[in-house]
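Data first, discussion second: the structure below is written as structure tokens.
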Amino acid sequence: MNAPVTVSILGLGEMGRALAAALLGAGHTVTVWNRTPGRAERLIEDGAIEAPSAGVAIDASELVVVCLFDHDSVHETLDPIVDRLHGRVLVNLTTTSPEQARELGLWARAGGIAALDGGIMAVPSMIGGPGSEILYSGDQSSFERYRNVLDRWGTSSYLGADPGLASLYDIALLSGMYVMFAGYMQGAALVATAGVSATAFAERSAAWLSAMTGELAGYGRVIDGGDYTVAGQQSLDFSDLSKMLEAADEAGVGAVPLAMVQSLIERQRGVGLGAEGFARIFESVRHTVG
Ligand SMILES: NC(=O)c1ccc[n+]([C@@H]2O[C@H](COP(=O)([O-])OP(=O)(O)OC[C@H]3O[C@@H](n4cnc5c(N)ncnc54)[C@H](OP(=O)(O)O)[C@@H]3O)[C@@H](O)[C@H]2O)c1
């Protein structure tokens, strides 16, 4: 294994505790702090050192990981002790917006702090196991220097120097996830009218949706090429969802997810572009009008 590192984790919520536990398992020296005491017991049993304040926790380590509730709680915790972070590496794994991550990047630079911002693509139980990924942006040399530590949590992916990138990708990936989940719920509501359980439909949906992800690369090529008339695409006219909406109505089922997609299609058909490919709804998505 690589040389052990001194790491402090600020914030022992569900996620902070999982991050700390994974590093203890790798033999690093882990100091922990939480605003409300009493959340470190299990970690202390496993070898963590509990600091009485955030400042003491920062003093203890070369690498400081922050996993708090939101951007405001990060500033509330770190602003009064910013001087103690000088010369250390800060990894902020608190969920923030891209602009908040950029603001924290400037704040860190002004304080002489090398900083990385991270987007955790996992739930706490996944940390350190297969399927867990954390996206990073910001100071590349810190990413490379501490890669062996970060890799204990899952796949570590560096996206670029702009501190807002990890958050931007995080939101972009979650956008796809939530809309996909809503699509599954739409289908589950439809088959429920025939007595099919959501559990049984989940199994069938998982296989179908997995197969359909093969279409994404083709859509990406069309969007990047900017030509929605490329041969071989399913047209917007063909993609019209009216019949599906009628079926939902007949079944007495609401159809907000379907209607949302139909509205994206209609905006392009409404300006005479129905013969072009389905990927053109990208233009409906990215422009608020037209
Ligand atoms: N859980 C997930 O599945 C997941 C997945 C991806 C990303 N994340 C992100 O990871 C971060 C932590 O999530 P979590 O699941 O660990 O949340 P959590 O269980 O609710 O824990 C929140 C933590 O933030 C602390 N906190 C809240 N306000 C504070 C303040 N003003 N000053 C200092 N500390 C404060 C809490 O301390 P107290 O104990 O004193 O309240 C607690 O340690 C969030 O930004 C979340 O979006 C979570």
Mean separation of Cα contacts under 8 Å, 6 or more apart, over the residue count of the chain: relative contact order %: 12 percent
Geometric extent, Cα atoms of the stretch 246-289 - Rg, Dmax (angstrom): 12.1, 33
Largest-first ellipsoid semi-axes for the stretch 116-216, taking √(5λ) over the Cα gyration tensor eigenvalues, angstrom: 35, 14, 10
Percent of beta bridges antiparallel (DSSP, the chain, rounded to nearest 5): 25 percent
q = 0.12, 0.13 Å⁻¹: log10 I(q)/I(0) that the Debye formula gives for the chain, counting C-alpha atoms only: -0.87, -0.94
With Cα atoms, 0 to 90° folded angle of helix 14-25 axis to the chain main axis: 60 degrees
Extent along principal axes [Cα atoms of the stretch 204-290; Å; largest to smallest]: 41, 33, 23
Residue-normalised accessible area of the stretch 193-286, expressed per residue, 1.4 Å probe, Å²: 63 Å²
Apportionment of accessible area to carbon and sulfur, the chain, percent (1.4 Å): 58 percent
Of Ala57, Ala194, Ala255, the one that fluctuates the most in a GNM where the chain has Cα springs shorter than 10 Å: Ala194
Residue-averaged [θ]222 nm for the chain, counting only DSSP H segments that reach four residues, each worth -39500 (n - 2.57): -14000 deg cm²/dmol
Where only alpha carbons of the stretch 61-161 are counted, the Rg and the Dmax (Å): 12.9, 38
Cα-based equivalent ellipsoid of the stretch 155-273: semi-axis lengths in Å, sorted from largest, via gyration tensor: 29, 23, 14
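The values are calculated or read from the model by the stated rules, or taken from the named source; none is laboratory data. Quick caveat: nothing in here was measured; it's all calculated off a predicted structure. Just so you know, the surface numbers come from the protein's heavy atoms only, side chains and all, with ligands and any DNA or RNA stripped out. Shrake-Rupley method; radii C 1.70, N 1.55, O 1.52, S 1.80 Å.
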